[in-house]
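Worksheet for the structure shown next.
The values are calculated or read from the model by the stated rules, or taken from the named source; none is laboratory data. Everything numeric in this text was worked out from a predicted model, so none of it was measured. Using ideal geometry, Cβ is built from the backbone for each residue, glycine included, and neighbour counts are taken over all protein chains shown.
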Amino acid sequence: MKNDNRMINICLNRVKMSWESRIVTQVEGESRKKFPGFTVVEVLISLMLISFSLMSISLFIIYGLDGFVKSGIKFKMTGEIENRRNLLSGKAFDSIDLKSGIYSEETSLFLVRWDIRDVSPTLKYIRISVTYKYKTGTYDKQLFFYKSKFIESMSSY
């Protein structure tokens, strides 16, 4: 029985001490707590800083993904220009495919145009243009080269 009373007194003292530690005391005009912790203002400021940093990180991720997609499209545009250049430079100078005029072909992603002009009876000017349309504008990439009647293509060697 003595042990039971002693245990009850110990428990009551602990409860009393925990309640006393929560009492706000006035010291020199300032309210101070006797127990450690953070105020609501400190928690709100830290949450605000964390949210701003997460928002800025997510914006960087979005801009990075946008740049990745745009560079992939520009890379495919360059490949389309090179394919068309190789196709046209591999043709014979007097070929029907190299007659003067403006030609175009639309693929699933791009609009490919090529303009062939006779500069002289032995020289042709060929300009290739690839256009990609997206929601806010267009990308346009161009290449031009000359084809001579007397200089054979490097692919024939």
The number of residues in segment 26-58 that are modelled with pLDDT under 70 and loosely packed, with under 10 Cβ neighbours inside 10 Å is 8
Picked from segment 96-118 (must be under 19 Å from SER148 (Cβ atoms) and in contact with a Leu (Cβ under 9 Å, 6 or more places away or on another chain)), the residue surrounded by the most Cβ atoms within 10 Å (Cβ to Cβ) is TRP114
- Item | ARG84 vs. criteria surrounded by 13 or more Cβ atoms within 10 Å (Cβ to Cβ) and either in contact (Cβ under 8 Å) with a residue 24 or more places away in the chain or not assigned by TED's automatic domain parsing to the domain that holds LYS147 (or both) | yes
Here the qualifying pairs (Cβ atoms under 9 Å; residues six or more apart or on different chains; first in segment 128-140 and outside the structural domain of TYR103 (by TED's automatic domain parsing); second of a type outside the set (A, V, I, L, M, F, W, C) and exposed (fewer than 14 other Cβ atoms within 10 Å of the Cβ)) come out as none
Reported set for segment 38-79 where residues are among the acidic types (Asp, Glu) and either in contact (Cβ under 8 Å) with a residue 40 or more places away in the chain or over 19 Å from LYS133 (Cβ atoms) (or both) is GLU42
Taking segment 98-137 and keeping only residues that are over 31 Å from the mean Cα position of the chain (by Cα) and among the hydrophobic types (A, V, I, L, M, F, W, C), one is left with LEU98, ILE102, TRP114, ILE116, VAL119, LEU123, ILE126
Counting only strands (runs of 3 or more DSSP E) entirely within segment 98-157, those with at least 1 residues that are more than 19 Å from ILE81 (Cα to Cα) and among the acidic types (Asp, Glu) are 111-120
Restricted to segment 55-97 and to residues being part of a helix (DSSP H, G or I), farther than 23 Å from LYS141 by Cα and small (Gly, Ala, Ser), the residue nearest to the chain's Cα centre (by Cα) is SER58
In segment 119-149, anything more than 15 Å from ASP97 (Cβ to Cβ) and surrounded by 15 or more Cβ atoms within 10 Å (Cβ to Cβ) is listed as LEU123, TYR125, SER129, VAL130, THR131, TYR132, LYS141, LEU143
